[in-house]
Amino acid sequence: MQKLVLDKEYWNSKYERQQIGWDLGTVSIPLKEYLFQLADKNIAILIPGCGNAHEAEFLLQHGFTNVTVIDIAPIAVEAIKIKLKEYDNKELHVICGDFFELNAVFDLIIEQTFFCALDPLLRKAYRDKMFDLLSQEGKLAGLLFNRIFEGGPPFGGSREEYLQLFSSKFTVKLMEECHNSIIPRAGSELFFVLVKPTPML
Ligand SMILES: C[S@@+](CC[C@H](N)C(=O)[O-])C[C@H]1O[C@@H](n2cnc3c(N)ncnc32)[C@H](O)[C@@H]1O
């Protein structure tokens, strides 16, 4: 069988055909709870592979002032610019492009079905890019699937695999079974928080 090429055309056609079964239509409950407890609303936040940017919408509605979203699919990005136009180029920075080519620094990066959308061969590149995009003591937080899928995307994995992948670069603050997933994902998600450590002198 021919391998899928998960490029801009692939993802854009998903939005064109409205084949977006991953889209919850809102911010996920675990992320909502996590975002609610953030005290500093001026931190620089990135949402990669943002799709319809529900997390960004939530953050902006709750007073966050520095939110960046990036997606490779132009149709998704255009829709965000319309939906969130009152924030665009102010509190919100909308980028149409490849996450792996982004150059900037953030205090928090949010993961919501982006990791699982990437070819598993890119997992080390994802880890390294996340590391480069974070400030010292910056965090990568969100959800990962704790199950295997046939085919993909989505591509799943396990807690053990993720710990091995990320602990070489990050401090793993949390990587636990998620207790408040939406029903179809119940028992198959991990909530995680990784911290980019300050280098020892
Ligand atoms: C499974 S969807 C998840 C979308 C959104 N996070 C959600 O949960 O609704 C994966 C998203 O990642 C985007 N994407 C895939 N590869 C990307 C890349 N290299 N850079 C930026 N975005 C990418 C796709 O266009 C798609 O919107």
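The values are calculated or read from the model by the stated rules, or taken from the named source; none is laboratory data. Fair warning: this is a prediction, and the values are worked out from it, not measured in the lab. Note: ideal-geometry Cβ built from the backbone for every residue, glycine included; neighbour counts use all protein chains shown. With ligands, DNA and RNA removed, areas are computed over all heavy atoms of the protein, side chains included. Shrake-Rupley method; radii C 1.70, N 1.55, O 1.52, S 1.80 Å.
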- the chain: Cα Rg divided by the 2.2 N^0.38 Å rule of thumb: 0.97
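In deg cm²/dmol and to the nearest 500, what is the mean residue ellipticity at 222 nm of the chain if only DSSP H runs of at least 4 residues count, each as -39500 (n - 2.57), divided by the residue total?
Numbers: 6 runs with 54 residues, N = 201.
Rounded to the nearest 500, it is -7500 deg cm²/dmol.
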- Item | Linear extension gain, I75 paired with M200, 0.36 nm per residue minus alpha-carbon span | 40.6 nm
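With a 1.4 Å probe and all protein chains left in place, how much accessible area per residue does segment 1-76 have, in Å²? Walk me through the intermediate numbers first.
Values: 3850 Å² over 76 residues.
Per residue, segment 1-76 has an accessible area of 51 Å².
From the gyration tensor of the Cα coordinates in segment 119-196, what semi-axes in whole Å does the equivalent ellipsoid have, largest first, with each one equal to sqrt(5λ)? Don't skip to the end; give the middle numbers.
Working: eigenvalues 92, 48, 20 Å².
Whole-Å semi-axes of the equivalent ellipsoid: 21, 16, 10.
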- Find out how many positive minus negative residues lie around S188, taking Lys and Arg as positive, Asp and Glu as negative, among other residues whose Cβ is under 12 Å from that of S188. +1
- Query: What nm distance separates the two modelled labels at D98 and Q164, each placed 7 Å from Cα along Cα→Cβ?
  - Reply: 2.8
- Task: Determine the dipole magnitude for the chain: charges of +1 sit on the beta-carbon of Lys and Arg, -1 on that of Asp and Glu, nothing else is charged, the reference point is the Cα centre, and the result goes in debye to the nearest 20.
- Result: 140
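Leaving out ligands, DNA and RNA, what percent of the accessible area of the chain is carbon and sulfur, probe 1.4 Å?
Numbers: 5580 of 10430 Å².
That fraction is 53 percent.
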- Distance in nm between pseudo-label sites at V105 and E137 (7 Å out along the Cβ direction from Cα): 1.4
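Enter the accessible area per residue of segment 131-201 (Å², integer; probe 1.4 Å; all protein chains in place). Intermediate results must be reported in sequence, preceding the final value.
Numbers: 3910 Å² over 71 residues.
Per residue, segment 131-201 has an accessible area of 55 Å².
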- Where chymotrypsin sites (Phe, Trp or Tyr not before Pro) in DSSP loops with at most 16 other Cβ within 10 Å are excluded, longest remaining stretch of the chain: 23-148
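Over the chain, what is the percentage of antiparallel beta bridges among all DSSP beta bridges, to the nearest 5?
45
Go through K14/K81; K32/K173; K41/K124 and tell me which ones have a Cα-Cα distance over 20 Å in this structure.
Values: K14/K81 18 Å; K32/K173 18 Å; K41/K124 30 Å.
Table pairs above 20 Å Cα-Cα are K41/K124.
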- Item | Where only alpha carbons of segment 89-157 are counted, the Rg and the Dmax (Å) | 13.2, 42
